[in-house]
Amino acid sequence: MKIAFIAAGGRRAPDNAYIVIDIAAYYQIPESAPKYIKEKMRRGEIRPTVKPDYDNVAKLIGDGLNKVAYYDDKSIIDAHVCKFYADVPKVVVTVTALEPER
């Protein structure tokens, strides 16, 4: 995860920043699914209800970016996880650092 973050041009947030994290997890479309179901999955009409659960995805990403994207995942004040199907599985993470009010 660290390598992907750095390769994407990611920079670590200031240690005192509030962190907002958005995670889009794209799950592999099952080969066994009928063609019409696969199309609905691609369009987002059918969404994954399979493991890993959303909270496990958030935990994995949150912990994996510790000391890389931010000082500690305790700084995360808001998080959003979405699950989709795709032909190629992937995870897209957006980390936003907010300056704390003084």
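The values are calculated or read from the model by the stated rules, or taken from the named source; none is laboratory data. Keep in mind the model is a prediction, meaning the values are calculated, not measured. Note: ideal-geometry Cβ built from the backbone for every residue, glycine included; neighbour counts use all protein chains shown.
Per-structure values
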{"read-out": "The lone exception for Ile77 - which of (1) in a helix (DSSP H, G or I); (2) surrounded by fewer than 17 Cβ atoms within 10 Å (Cβ to Cβ); (3) not polar (S, T, N, Q) it fails", "value": "(1)"}
{"read-out": "Where Phe84 falls short, out of the listed (1) free of Cβ contacts under 8 Å to residues at least 60 places away in the same chain; (2) among the aromatic types (Phe, Trp, Tyr); (3) crowded, with 16+ Cβ neighbours inside 10 Å", "value": "(1)"}
{"read-out": "Positions within the range 1-14 being without any contact (Cβ under 8 Å) to a residue 60 or more places away in the chain and within 14 Å of Thr96 (Cα to Cα), in sequence order", "value": "Gly9, Arg11, Arg12"}
{"read-out": "Filtered residues of the range 88-102 (kept if more than 30 Å from Glu39 (Cβ to Cβ) and polar (S, T, N, Q))", "value": "Thr96"}
{"read-out": "Residue that is farthest from Lys67 (Cα to Cα), among those in the range 1-27 that are hydrophobic (A, V, I, L, M, F, W, C) and in a loop (DSSP other than H, G, I, E, B)", "value": "Ala8"}
{"read-out": "Yes/no for Pro30 being touching a strand residue (DSSP E or B) at 6+ places or on another chain (Cβ under 7 Å), modelled with pLDDT of 95 or more and in a loop (DSSP other than H, G, I, E, B)", "value": "no"}
{"read-out": "Per-region count, the range 81-102, residues part of a strand (DSSP E or B) and over 17 Å from Thr49 (Cα atoms)", "value": "7"}
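Yes/no per residue for (1) of a type in the set (Val, Ile, Thr); (2) touching a residue at least 12 places away in the same chain (Cβ under 8 Å); (3) surrounded by fewer than 16 Cβ atoms within 10 Å (Cβ to Cβ):
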{"site": "Ala17", "(1), (2), (3)": "no, yes, no"}
{"site": "Tyr36", "(1), (2), (3)": "no, no, yes"}
{"site": "Asp63", "(1), (2), (3)": "no, no, yes"}
{"site": "Val93", "(1), (2), (3)": "yes, yes, no"}
{"site": "Ala97", "(1), (2), (3)": "no, yes, no"}
